[in-house]
Structure formats: structure tokens, C-alpha cells
Amino acid sequence: MEATEQLMCQPSDSFNPLITTSFQVSCILVISHIFHLVLKPLGQPGPFAQLLAGVVLGPSLLSRIQRVKDFFIQASAAKYYQFFSFVCRMLFMFSIGLETDVPYLRRNIRVVSIVAGGGSILACLFGGPFFWLLIKVFNVTKERFAFYLLTLTVLANSASPIVIRMIAETKFDTADLGRMAIYSSLVNEMSCVTIVSTLKAFSSFGRFGGAILISLVTVAVIFVNKYLSYFFNKRNRNNRFVSNKEIFVIMFLLTCLSLYAEWVGYTAIFCCFLVGLMFPREGKTARTLLHKLTYSVNTFILPVYFGYTGFQLDISNIFNKLTLALTVLMILVSAGTRIVGTLAACHYLMIPWNESVILSLLLCLKGNYDLILINTNPNPNMVWAADLHDFLLTVVVLNTLIIGPVAAILLNREESSAQYPTILEILNPESELRILACVYVPRHVSGYVSLISALGGCPTAPIKPYMVHLVELPKKRKSKLMYHQLEDGDQYSDEEEYGGNDVLEINDALDAFISETKILVHQSKIVASFLTINEDVCNGAEDLRVCIIFLPFHKHQRIDGKMENSMEEIRAINQKVLRHAPCSVGIFVDRGQTGFQQPHGSQCVQNIAILFFGGPDDREALACSKRILMHSKVNLTVIRFLHKTTASRSSNSWINDASQKDEEVIMAISNIGTENEIDNAFVETFYNRYVAQGRAGFVEKYVSSGQETVAVLREIADSYSLFIVGKGGRGTCPLTSGMSDWEECPELGLVGDLLASSELDISGSILVIQRHRHSEAEGGFLDD
């Protein structure tokens, strides 16, 4: 009843607080958008513009005008702002948990924890003396333990929502540096929440019982969500998304949990994050939640939340000399200890100096959990003194406004010079492999999930697959339905209808694959004209920092096993992507009925052949096979074609030297001049690492012309379910001479075109790989 009265319009209010709150939200969005348009060319991301918009609208500037102040700052308006902040926190923390890359966090938890803890530990060490200084200045006589926790939190905490948005807007969220910053800030903030809540719980028996109940309710909600997700997915088997009513059920449970946690006296951000983190990722329920939350959180909820953070700042409170000196001192202590501690942690982890500086600055950003503690009363019968509250609030906001632009400048500079592996040849086989698979119709999915399954068969070699649905943009299209005429769960955006029922079939196929293999495939859709869609594919691959793009062949296998031309437009798109791709490219000729099948869950072993003639493309194909051979259901054989004149020489004299170190091979390559010697060194390394250990087979075929090569290919045509070969780049090669006479699809290269043609009539699938053409001079040829 008391909470309801606090949200009612009080007699002293000149205006309805609900109107002023709504108008404030609108003003923050408009002003932040204007600032963003001005500051974006200067490299400043959205959070800085939104914080600045709140400062301009708040008592620091516009609200100093009496009429504006009377309108925005009223007796009961603060409760509306607090309630709106609560709803925002609940939604964006749940969204952050839902989008968390759990496999990455699990693999790098040690590194992330060290980076997160380095600065925090040093800040806590300096927090003790600073705590006693603040006690003397502000005359804090009650609740000193709560004030001590508050001081340490302000010094040690990192605002994960601000870090996440800054990283995302600078397109660093797919880079190792960006992901390390995101999860370091998350670990830091969640650790602060856990430690402070635990200490509060042990400070009194009532609080301890409340903490236990919150934990039990959170676990219950997590298990209920798992059941609801499975039930909703099954119930909406024939729909793209689950209905709005079903989403409301999940949001209702989350809201009840959050309200209970706040009522007991704890913040709900950790509970919301944990519920999102543990939510099942596969199926229509998670897809619908991401679809509905991502846009609203990024374009409305977080900007308003950041804007309200800046709105609370009153710069006039620090005009006192003592307060100004303390503000500067606390910002210096907070930033200095965080930077020094993070740099020390990065030095221990041998992280490059430039990345260490950026990480240390990003982890200095504040404005989430620390603000919650500042605005929370230490007990129901006491509030923080106004001067102390304003002082800590000023420190938090000014700290972010000062350090944020500096971090953004360094991020933009790093982004322009950052390099990532664009070829498989230089990628460590045990590092993360990022791939982008393009599909047009549902039948393309089965072949790609088989490839993803083979590439992701080893837990020590992580894979991050993306699948993009390419849809042609119609010339004219207009919805005739109003929003209220849409069926439950439908979307008003015309773009959501592009792709027809293909979207449903693609989603169902991927959901089944994810459920079976536990390999999460990130989905997206590109709607564009087929004349320019290749540009969107290349730009997407660059933003996602993938190593290889997989494209479908323009022919598909009929029921009788023959290949039929289905979409000639695909061929033109493939040729454009091959010319302009920012990474390596693979064209997959899928013969799913008779060819390569998904290794996961299969009872039989898939036989795969790597056809090696020489050249950069064949080396890239061989590098791709390093990932595939790690799968327990794959039997891989490398077939190397050599000219007969080399048969008299001991071309494989290196076979017995299986113990030769890779470092020696790398040093040898730096002095090699000819392409053939590079091929020999690369094959030698592959043999020593994989063939000599029994993980792959190796066969040499000696031929003297293209006709003899064709004869060998006919012999092995029915022995393998998948053939992997490089597109070309061999120059004038006698092993393939004369094979261009029947060339039909030059985008596959001579050998790939022959394998895909009806000339050989093979039953296996084919993967033709082209190495990134702009990476020839990058220097490295072997794994680190």
C-alpha cells in the first residue's frame, strides 16, 4: 500500500509525475540522438552521448531553469524514475545473460577472472585509507560497515552494460580484445554483487534467511524456464516464433523474482543475469526472446537508463573546494588503482601492451551496481546524507564521462589497425574457428550442419559458426495490415515475412542440430537485391571476423542422384564473393543423399579425401582438414599428386623424421623461395603432426598428365563421401594439363569442376576452398 501511495500524484506536485517521467524519457532519447549524430564522426559511441544528454537535461544545466526544474524534479517523480530504472535493469541484465557466450566464458574463465580481479584487489587495498578519510569529512557515524562496502564498490566495480555497449558500437564484440573486456567487466560486476550481498546476508539473521530464499526462488525459476522453453517450442512447432502470451509468462516469472529480491533488500541484477545465462539457447522461445529484447534494449532501454544516470548528476554540488578536491582525488584513486592493477594482471598473462591499456580503461567505467548502492538506503530507517550521496554520484558519473571518450578513441584506433586471421593456414588448430555459412533455401542447411558437425567434433578445438539466410528483396512489397490486425506473435515489420516458409524449415533444422550436437549456431538474415547481396556477405564476414565463408553450389542433387541447376543467380553471387571476400571461401557441392552425412550421432565412419596438388589453395584445404580429422567419426586421407619425375627421388625422405619440431619447419619456410618447397614443408609438418601419430592417412599418386590424374580420380570416386580440394593457384601445372577442355564452372577450379561434373559421376560431396587472395604476403604459413 505504501509503494502504491508513493507512485501516486502528491498534492505538492505541479504536474502529473507520470507525464513528467514520460516526457523526460522522450527528451533523453531526442537529445542523445542529436549528440550521437554530432559525436559519432569523432569516434564516440552511444553511451557517452546518452550520459551527456542526461547531464544536459538534469540539474547540471537545463533543470537549473526554475520552470524546467519544477516540471522534472517533483516530490513523487523520483519514485517513478526508480521504478523505471528497476524495469530497465531487469530487462537488460536478463538480455545480457541470454546473449552471453557460455563456451567462450568457460574456456577463458581463468584469464577473464585475473583481468577482472587485478584492478579490483588493488582498489580495495587503497579503499581502506580512503574510507576513513570520507568518514572524517562527511561525519559518518552510523552504518559504517554499509558505507565501507559502498566505498569499495565505487572504487572496484566496472559497469558491464556500458562496457558492452561501447564494445558493440565500435564493432569489437567479435574480437578477442572486445570479448575479454566484456566478460571481465561482467565477472567483476557480478563478483561485486555476490560479495556485497554475501556480507550483507551474514550481517544479520533476517538478511541471511532472505538471501537463502532468493537463491532458492532463482533456482526454481531457472528450472521452470527450462520446462517452459521445451513446452513452448513443442507447442509452436509450426510457427516461427512463440506467442506474446507465452513470452509474457516468462517475463512475469522474471518480474516476480526481481520484485521479491528488491523487497527483501537485495538487488535483482544478479538473479536476472543468472536466469538469462541458464535459459535454454535452442528453439523458438530463445529466438523470440532475443528477437524482441535485443532491439528494444539497445535502442530504447539502455539509452534511457544511461540518460537517467547522467540526469542525476548535479555539478553544482562539487563547487566547494573540499568537495572538489575529494572528487578529483577519488577519481584518481579509482582510475589509477584500476589501471595499474589491470596492467599488472595483463603483464602476468602476457597480453600486448596496447590491448592492456584499452582493457584497463574500459574496466574503469562505472554507472550500474555502484549507482544502485548509492541510491539504496543502508536500512529502512536511515538514508545517506545528501552531501555524501551527491558526492559519490558525482564521482561515478564524472569518472565515466572522463574515461569513456579516451577509451573510445583508443578502441577506434585499435580497430583500424587490428588484424585477425583470414586464412586457416596460419590459424592454430586448437584456437577458435569462426565460419560463416550462407543458405538460400532449406535444402542447403543439411550439408552445412554436416560440415559444422565435422569441424566442431573436438572439444579442444572450439568453433563459432554463423549461418546467414540470404533472401532476395522483392521490387514492391507493402503490408496491408494494421498492427492490431496481426495474429498473436506476428511481427509488424515487412522484413520478418521475407523468406516465406523457408525461414521456418531452416529454423527447425538448426534447432534439431543444436539440440543433438550442443553446437550453437548463430542465425541472421540478409534481405537485399541479388545484384548487391555479395557486398552484404563480405561486410558481414568482416564484422564477424570469420576465417572462411561457405557458399552453396548453384546445382542441387535430384532424387535420382543427378545434379540439376536450381538458381543461376547463386553462381553469379559466388563468383563475386570469391573475388571480394575478406577471408578464405569454400564452395560446397552437396550430395546429401549419397555423399557426406552429419558425423554427430552417426553409426558409420565418414571417409574424407584431401586432394593435394600444390599451391596456396590446396594448403588452405589441407589446413581445413586439421579440424575435421579430430572428429571421432571421420577417417581422413590425404592424397598427394606428384609428377612421375619425382618418383625416383626420395620425395618422402622426411617421413621417418616425425620428431622434427614445428619451429624448425617455420624457420626453414622463411628461407624457401619456390612454391613447391613451401608445399613440401607444409605437407611435412602435417605428416609429422597427424599422419605419424595415426590420426590421418597419407597416399602419394604419381601422374604425368591430366589424363592420368582423371584416371586416378575415377579409381577413388566411390571410396569417399567428401572430397576437399583447393580451387587453383597452382600456376602452370602438368598434373592438370588438358583438364580445362571440359571446364563448365570455373569458380570451382579445374579439379573441383571435374569432380562436380557428370564426367566422373561420383557420389561424394565436394568442398572447394580458395585461400584469401590478399593474404599471400602475410608472412606466416604454419601454425604457431
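The values are calculated or read from the model by the stated rules, or taken from the named source; none is laboratory data. As the structure is a computational prediction, the values presented were derived from the model and not from experiment. Using ideal geometry, Cβ is built from the backbone for each residue, glycine included, and neighbour counts are taken over all protein chains shown. We work out accessible area using only protein heavy atoms, side chains counted, and drop any ligands, DNA or RNA first. Shrake-Rupley method; radii C 1.70, N 1.55, O 1.52, S 1.80 Å.
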Nearest-10 value in Å² for the accessible area of THR736, using the 1.4 Å probe: 10
Top to bottom by accessible area (1.4 Å), largest first, where do HIS389, HIS33 land? HIS33, HIS389
Compare the Cα positions of GLY117, PRO459, LEU359 along the charge dipole of the chain (+1 at Cβ of Lys, Arg; -1 at Cβ of Asp, Glu; about the Cα centre) and return the one farthest towards the positive end. GLY117
Helix 17-39 axis, angle to the chain major axis (alpha carbon atoms, nearest 10°): 50
Spatial separation of Cα centroids for the range 564-638 and the range 526-562, in angstrom: 14
Treating the angle as unsigned and between 0 and 90°, give the value, to the nearest 10°, between the Cα long axis of helix 675-686 and the longest Cα principal axis of the chain. 70
Taking amide H atoms as placed 1.01 Å from N in the peptide plane, list the residues 5 or more away in sequence, or in a different chain, whose amide H sits under 5 Å from that of ALA437. TYR466, MET467, VAL468, PHE550
Tell me, how many Å apart are the Cα centres for the range 380-407 and for the range 59-137? 10
In Hz, Karplus ³J(HN,Hα) per residue of the range 360-367 (6.51, -1.76, 1.60; θ = phi - 60°; x = Gly, Pro): 5, 6, 5, 6, 7, 5, 10, x
In Hz, Karplus ³J(HN,Hα) per residue of the range 249-260 (6.51, -1.76, 1.60; θ = phi - 60°; x = Gly, Pro): 4, 5, 5, 5, 4, 5, 5, 4, 4, 5, 5, 5
Acute angle (nearest 10 degrees) that the helix 302-311 long axis makes with the longest principal axis of the chain, alpha-carbon atoms: 30
For LYS234, counting only lysines whose alpha-carbon sits under 17 Å away and dropping same-chain residues fewer than eight positions off, the answer is LYS226, LYS245, LYS284
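Accessible area per residue for the chain in Å², computed with a 1.4 Å probe and the full protein assembly in place, what is it? Numbers along the way, then the final one.
Numbers: 34400 Å² over 784 residues.
That works out to 44 Å² per residue.
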Could you derive backbone 3J(HN,Hα) for the range 751-765 from the dihedral phi with the Karplus parameters 6.51, -1.76 and 1.60 (θ = phi - 60°), listing whole Hz in sequence and x where the residue is Gly or Pro? 5, x, 5, 5, 5, 7, 7, 7, 5, 8, 6, 7, 9, x, 6
All lysines inside 26 Å of LYS633 as judged from Cα atoms, apart from same-chain residues fewer than 8 positions distant: LYS464, LYS518, LYS701
Please list, ordered by chain and number, the residues whose modelled amide H lies under 5 Å from the amide H of LEU722; skip anything fewer than 5 residues away on the same chain. ALA609, SER765
Amide H neighbours of GLN598 under 5 Å, at least 5 residues apart or on other chains, H built in the peptide plane: list them. none
Any lysines whose Cα falls less than 21 Å from that of LYS79, other than same-chain ones fewer than 8 residues away, would be LYS69
Separation between Cα centres of the range 313-339 and the range 501-517, rounded to whole Å: 54
For the chain, give the percent of accessible area contributed by carbon and sulfur heavy atoms, probe 1.4 Å, rounded to a whole number. 59
Can you classify the chain as rounded, prolate or oblate using the Cα gyration tensor, where a ≥ b ≥ c are the square roots of its eigenvalues, rounded means a/c under 1.5, and otherwise it's prolate if a/b beats b/c and oblate if not? prolate
